[in-house]
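**Q** Let me begin by handing over the structure; questions about it come next.
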Amino acid sequence: MDEEHAIPYYHLRRVDATRSPVCGLAMLNPGWCHMRRCLETETVLLIGKRGSALIEDNGVSFEIVPGRSLLLPAGHVHRGVVPAEQPLSYWWFHFYQCVELDDELRIFLPHALSCEEAQSAFSQKAARADVLKSGIIIPQVMELSKPELVGNLCGEALQAFASGGVSPMAYNNAVQRLLLELGRESEEAASEQEQGNGASHVLVKQVLELLESELSNPNASVKFFADALCVNADYLGRCFKDVMKTPVGQYINRRRVELACSRLRESNRSVEEVAAECGFGSRRQFFDEFKRRTGKTPAAYRGESAYIGINAL
């Protein structure tokens, strides 16, 4: 984004009333450039997956890259800035919020907020409860703290959209879950900013950063991270649970399963290879933890998650 522009936030007021007419996984070749258009009622959500592209929204340029979300609000003119130099891909969703009042359909367009207004809504309990009771506040562009989880939610939504025998309600619910996760990440980021750089938060941030590079290490544990950061293991465990509201071990397993879901969907590696790449000590451990958290076996998950709605250009 251009440095002279502050990133705006948007209040999506009725996530529970979200409807999405179409979605896809764009897989684009070099030379592609997004068309110029303005959608009157539909907002577009992009989730970067591979490569990068510059998208201009109402005259402001944003870069969509892996692990980043970008909102293109209804009523805005958006277009590609320059042709892509390398292959790229991203998830995309069109959506709107609407309710029927007196036999008329009322559509809730995203409401723009300044950074100060968003921070105030997050920090003041009364205002926060009123603003967020059925909606979310997210920045127009956001670095995702849990890209694999968001990618899994995108894949599940696309699968629901592509399954002809599934009710549209299942697909819309999947899109709502995706938006709620983005709202949760936005709120967490605002909370961390408000709390400042306390010792516990700095320590936990170091653990989270280190964990992402150690997911394939079966020895990753509270003691492993404590030794790496030269702190007491019990102290680290308490700090992590206070900040993240879950023990280190459970968080590690959750992240490993999220990573495994992504690998199962997007590669042809065997279940044993995926288990090893995600840090599970054995196929049985992987099978038990995966089924406990997803309700499915790895093979069943892979079979149900074959991509159908891919746009290749």
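Results for (1) in contact with a helix residue (DSSP H, G or I) (Cβ under 9 Å, 6 or more places away or on another chain); (2) of a type in the set (Gly, Ala, Ser), shown as yes or no for each residue.
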| site | (1), (2) |
| --- | --- |
| ALA6 | yes, yes |
| ARG19 | yes, no |
| LEU25 | yes, no |
| GLU40 | no, no |
| ILE47 | yes, no |
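**Q** Residue check: is GLY303 part of a helix (DSSP H, G or I), open to solvent by 20 Å² or more (accessible area, probe 1.4 Å) and over 16 Å from TYR251 (Cα atoms)?
**A** yes
**Q** While we're on this one: Looking at the stretch 188-222, which of its residues are in contact with a Phe, Trp or Tyr (Cβ under 6 Å, 6 or more places away or on another chain) and at pLDDT below 90?
**A** If the condition is that a residue be in contact with a Phe, Trp or Tyr (Cβ under 6 Å, 6 or more places away or on another chain) and at pLDDT below 90, then ALA190, VAL204 are the ones that fit.
**Q** All but one of (1) within 17 Å of LYS146 (Cα to Cα); (2) assigned to a loop (DSSP other than H, G, I, E, B) hold for PRO218; which doesn't?
**A** (1)
**Q** What are the residue pairs meeting all of these: first residue in the stretch 32-43, first residue farther than 9 Å from GLY75 by Cβ, second residue surrounded by 11 or more Cβ atoms within 10 Å (Cβ to Cβ) and of a type in the set (D, E, K, R), Cβ atoms under 9 Å, and 6 or more apart or on different chains?
**A** Between residues of the stretch 32-43 that are farther than 9 Å from GLY75 by Cβ and residues that are surrounded by 11 or more Cβ atoms within 10 Å (Cβ to Cβ) and of a type in the set (D, E, K, R), the close pairs are CYS33/ARG79; HIS34/GLU56; HIS34/ARG79; MET35/ARG79; ARG36/GLU56; ARG36/ARG79; ARG37/ARG79.
**Q** Return yes or no: is LEU236 under 21 Å from the mean Cα position of the chain (by Cα), modelled with pLDDT of 90 or more and crowded, with 18+ Cβ neighbours inside 10 Å?
**A** no
**Q** Any idea how many residues of the stretch 61-76 are open to solvent by 20 Å² or more (accessible area, probe 1.4 Å) and without any contact (Cβ under 8 Å) to a residue 60 or more places away in the chain?
**A** Number satisfying all stated conditions: 3.
**Q** Tally up the residues in the stretch 265-290 that are part of a helix (DSSP H, G or I) and buried (at least 21 other Cβ atoms within 10 Å of the Cβ), please.
**A** Within the stretch 265-290, residues that are part of a helix (DSSP H, G or I) and buried (at least 21 other Cβ atoms within 10 Å of the Cβ) number 4.
**Q** Condition check: under 29 Å from HIS11 (Cα atoms), surrounded by 15 or more Cβ atoms within 10 Å (Cβ to Cβ), among the charged types (D, E, K, R) and touching a residue at least 40 places away in the same chain (Cβ under 8 Å). Does GLU187 satisfy that?
**A** Considered against the rule, which asks whether it is under 29 Å from HIS11 (Cα atoms), surrounded by 15 or more Cβ atoms within 10 Å (Cβ to Cβ), among the charged types (D, E, K, R) and touching a residue at least 40 places away in the same chain (Cβ under 8 Å), GLU187 comes out as yes.
**Q** Any chance you could count how many residues in the stretch 57-78 are farther than 23 Å from PHE108 by Cα and either more than 18 Å from the chain's Cα centre (by Cα) or among the hydroxyl-bearing types (Ser, Thr, Tyr) (or both)?
**A** Result for the stretch 57-78: 3.
**Q** What tally of residues in the stretch 267-295 results from selecting those that are of a type in the set (Val, Ile, Thr) and modelled with pLDDT under 90?
**A** Total satisfying the criteria: 1.
**Q** Scan the stretch 28-53 for residues that are surrounded by 17 or more Cβ atoms within 10 Å (Cβ to Cβ), in contact with a Ser or Thr (Cβ under 8 Å, 6 or more places away or on another chain) and farther than 18 Å from LEU182 by Cβ and report the count.
**A** Within the stretch 28-53, residues that are surrounded by 17 or more Cβ atoms within 10 Å (Cβ to Cβ), in contact with a Ser or Thr (Cβ under 8 Å, 6 or more places away or on another chain) and farther than 18 Å from LEU182 by Cβ number 2.
**Q** Any residue that is under 29 Å from ALA160 (Cβ atoms) and open to solvent by less than 60 Å² (accessible area, probe 1.4 Å) - is there at least one of those in the stretch 212-232?
**A** There is at least one residue in the stretch 212-232 that is under 29 Å from ALA160 (Cβ atoms) and open to solvent by less than 60 Å² (accessible area, probe 1.4 Å).
**Q** Which pairs have Cβ atoms under 8 Å, sit 6 or more apart or on different chains, and link a residue in the stretch 266-283 that is in contact (Cβ under 8 Å) with a residue 60 or more places away in the chain to one that is open to solvent by less than 50 Å² (accessible area, probe 1.4 Å) and assigned to a loop (DSSP other than H, G, I, E, B)?
**A** From the stretch 266-283, the pairs are CYS278/LEU215; GLY279/GLU214; GLY279/LEU215; GLY279/ASN217; GLY279/ALA220.
The values are calculated or read from the model by the stated rules, or taken from the named source; none is laboratory data. Everything numeric in this text was worked out from a predicted model, so none of it was measured. Because the Cβ atoms are built from the backbone with ideal geometry, glycine has one as well, and the counts that use them run over all protein chains shown. We work out accessible area using only protein heavy atoms, side chains counted, and drop any ligands, DNA or RNA first. Shrake-Rupley method; radii C 1.70, N 1.55, O 1.52, S 1.80 Å.
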